[in-house]
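K.L.:
Got a structure for you, written out below as structure tokens; questions coming shortly.
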Amino acid sequence: MASVERLWRDLMELATIGAGAGRGITRLAFSQDDLRAKMWVIERFKQAGLQVHQDSFGNVFARRPGRVAVPAVAVGSHLDTVVAGGVFDGALGVLAALEVARSWNESGLETELPLEIVVFAAEESARFGVSTLGSRAVTGQLNGGDLDTISDRNGVPLSRALEQAGFDPRSVASCVLPPGKYACFVELHIEQGPELERLGVPVGLVTGIAAPTRFRVTIEGTALHSGTVPMGRRRDALVAAAQLVEAVEAIALSERDHWLVGTVASVDVFPGSTNTIPGRVEMRGEFRSTSREVKDRAMDRFLTYCEEVRQTRGVTVEVSIVQRDDPTVMHEGLIEELERTCRELEVPYHRMPSGAGHDAMNMGKICPAAIIFVPSRGGVSHHPDEWTDQKDLAPGLAVLDRFLTRLTGAAVAKRPGIADLGDVTVGGRTDGHAIHSDGGLT
């Protein structure tokens with residue numbers, strides 16, 4: 001049985017990497033602390049007897065073999081963080097998967113299908129403004145041109161960041177997973193919201209993932225002396241930007257019945273002198289929803305408002321879309337099997353959407369995917385106060401353990417027949433075909 005105590009020790013040890021002198025944990029994508037965390041978990045994987053390799057984008061794969069070679073059941077998450085983030089975001093999914101594999105080794109459990117733990121690179125958008133880059137790479141949603149156009153706030157392109165971290169941006173095409181490699185993908189994650197705690201329910205089963213449209217706005221006014229230019233003659237870029245910030249909030253509030261949220265996350269003002277009228281502002285923001293239609297409508301309204309501000313303020317406003325993702329629906333067959341698992345373990349659960357993006361939304365494009373949530377205290381995440389008590393991790397870990405046991409075929413190894421999950425088959429492929437011990441299909 002997977003040990004929540006050992007999982008907790010791993011989480012607390014990993015949390016020392018990137019902790020620094022201040023509050024919170026910072027492991028930005030491809031930073032030295034991010035790479036240190038990867039090396040730490042790779043060593044843990046090797047100690048558990050797993051077969052480990054890393055691709056040219058920095059994604060890590062750790063395999064526990066089964067009786068057949070393919071397809072594998074994939075499970076995992078990420079280790080990179082936002083600036084001053086918390087202990088559990090991403091790390092829980094990686095280390096819980098490690099704990100499951102470790103406990104299986106200790107009990108001598110054999111499985112029909114391999115179990116493969118995946119540690120995705122650059123899941124957070126904190127550095128490059130685009131999220132889930134590692135899972136985009138393995139699912140064929142990232143090309144060589146993207147590596148030069150995506151850059152961080154210091155102007156470092158993704159291609160150079162990869163090179164500096166010791167990876168090969170010219171080989172990104174080799175990262176794409178071959179068809180049929182994975183039967184399904186499962187991710188255990190903290191909720192990052194308040195709903196499970198509010199309901200007093202220990203496990204959430206995610207039905208769908210909201211997706212962001214992220215944008216960058218550059219406003220150009222005129223930087224002049226703040227003491228000599230009358231108010232009516234100013235082309236103040238920051239005042240124009242403030243109106244756009246308010247517009248994002250107003251648009252999101254008007255669509256809240258359709259689950260839309262809007263955020264402006266950063267505003268850079270130039271030249272930044274107290275005696276100079278702001279001449280240029282660069283801001284980044286997003287709209288996020290479980291509906292592509294609602295999200296697109298919000299973006300259209302924002303662009304219209306940008307034009308109004310341009311005309312009334314006498315400034316130039318340029319808007320570029322840096323990321324536009326589609327909401328993802330989780331696989332119903334996997335959700336139903338998770339419900340069955342929860343009932344067997346007598347673990348209360350709640351079906352719910354995820355407002356936060358996850359690597360599972362990209363993996364869901366190539367295989368069935370599922371996400372299991374555990375509560376976040378106060379709904380806090382992406383913050384030093386992000387927390388989930390050890391006792392609140394235990395139900396999610398138990399469900400993950402039992403669920404993966406079923407998916408890999410171990411639970412049905414001693415009896416004939418395979419439990420059907422719609423177009424997912426325990427111990428089988430994602431297309432409904434069962435797998436024989438020789439790898440052949442029926």
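K.L.:
For region 183-201, what are the residues that are under 20 Å from the mean Cα position of the chain (by Cα) and assigned to a loop (DSSP other than H, G, I, E, B)?
P.N.:
Glu191, Gln192, Gly193, Pro194, listed by residue number.
K.L.:
Looking only at region 223-236, decide whether some residue is in contact with a strand residue (DSSP E or B) (Cβ under 6 Å, 6 or more places away or on another chain) and within 27 Å of His358 (Cα to Cα).
P.N.:
No: region 223-236 contains no residue that is in contact with a strand residue (DSSP E or B) (Cβ under 6 Å, 6 or more places away or on another chain) and within 27 Å of His358 (Cα to Cα).
K.L.:
Pick from Gly134, Gly145: which is buried (at least 19 other Cβ atoms within 10 Å of the Cβ) and at negative phi?
P.N.:
Gly134
K.L.:
Which of the following residues is in contact (Cβ under 8 Å) with a residue 40 or more places away in the chain and more than 25 Å from Arg127 (Cα to Cα): Thr213, Thr276?
P.N.:
Step by step, each of Thr213, Thr276 is checked, and only Thr276 is in contact (Cβ under 8 Å) with a residue 40 or more places away in the chain and more than 25 Å from Arg127 (Cα to Cα).
K.L.:
Restricting the search to region 255-278, which residues are under 27 Å from the mean Cα position of the chain (by Cα) and outside any strand (DSSP E or B)?
P.N.:
Answer for region 255-278, where residues must be under 27 Å from the mean Cα position of the chain (by Cα) and outside any strand (DSSP E or B): Glu255, Arg256, Asp257, His258, Trp259.
K.L.:
I'd like to know if region 238-246 contains one or more residues that are touching a helix residue (DSSP H, G or I) at 6+ places or on another chain (Cβ under 9 Å) and either aromatic (Phe, Trp, Tyr) or under 29 Å from Ser354 (Cα atoms) (or both).
P.N.:
Yes, some residue in region 238-246 is touching a helix residue (DSSP H, G or I) at 6+ places or on another chain (Cβ under 9 Å) and either aromatic (Phe, Trp, Tyr) or under 29 Å from Ser354 (Cα atoms) (or both).
K.L.:
Considering region 202-225 alone, what residues qualify as being buried (at least 21 other Cβ atoms within 10 Å of the Cβ) and not in a loop (DSSP other than H, G, I, E, B)? Spell out the reasoning first.
P.N.:
Here is the first cut: in region 202-225, the residues buried (at least 21 other Cβ atoms within 10 Å of the Cβ) are 202-206, 209-215, 217, 219, 221.
Residues satisfying the conditions are Val203, Gly204, Leu205, Val206, Ile209, Ala211, Pro212, Thr213, Arg214, Phe215, Val217, Ile219.
K.L.:
Go over the candidates Arg313, Arg301 one by one and state the one that is surrounded by fewer than 19 Cβ atoms within 10 Å (Cβ to Cβ) and either out of contact with any Phe, Trp or Tyr (no Cβ under 7 Å at 6 or more places or on another chain) or small (Gly, Ala, Ser) (or both).
P.N.:
Arg301
K.L.:
Additional query: Taking the condition of being at pLDDT below 95 and aliphatic (A, V, I, L, M), how many residues in region 264-293 meet it?
P.N.:
Here the count works out to 1.
K.L.:
Quick check, is Thr26 of a type outside the set (A, V, I, L, M, F, W, C), more than 18 Å from Glu187 (Cβ to Cβ), within 20 Å of the chain's Cα centre (by Cα) and assigned by TED's automatic domain parsing to the domain that holds Tyr182?
P.N.:
The answer is yes for Thr26.
K.L.:
Kindly list the number of the only condition in (1) outside any helix (DSSP H, G or I); (2) buried (at least 17 other Cβ atoms within 10 Å of the Cβ); (3) acidic (Asp, Glu) that fails for Glu337.
P.N.:
(1)
K.L.:
Taking the options Gly155, Gly180, name whichever one is assigned to a loop (DSSP other than H, G, I, E, B), more than 22 Å from Val347 (Cα to Cα), in contact (Cβ under 8 Å) with a residue 12 or more places away in the chain and out of contact with any strand residue (DSSP E or B) (no Cβ under 9 Å at 6 or more places or on another chain). Before you say what the answer is, go through the steps one by one.
P.N.:
Working: Gly155 fails: in contact (Cβ under 8 Å) with a residue 12 or more places away in the chain.
Answer to the selection: Gly180.
K.L.:
Another one. Give the residue that is surrounded by the fewest Cβ atoms within 10 Å (Cβ to Cβ), with candidates limited to residues of region 30-62 that are among the acidic types (Asp, Glu) and farther than 25 Å from Arg170 by Cβ.
P.N.:
Checking each candidate, the answer is Glu43.
K.L.:
Here is a follow-up. Please work out which one of (1) surrounded by 23 or more Cβ atoms within 10 Å (Cβ to Cβ); (2) not in a loop (DSSP other than H, G, I, E, B) is the condition His358 fails and give its number.
P.N.:
Among (1) surrounded by 23 or more Cβ atoms within 10 Å (Cβ to Cβ); (2) not in a loop (DSSP other than H, G, I, E, B), His358 violates only (2).
The values are calculated or read from the model by the stated rules, or taken from the named source; none is laboratory data. The structure displayed is predicted, hence computed values, not measured ones. Please note: Cβ atoms are built from the backbone with ideal geometry, for glycine as well, and neighbour counts cover all protein chains shown.
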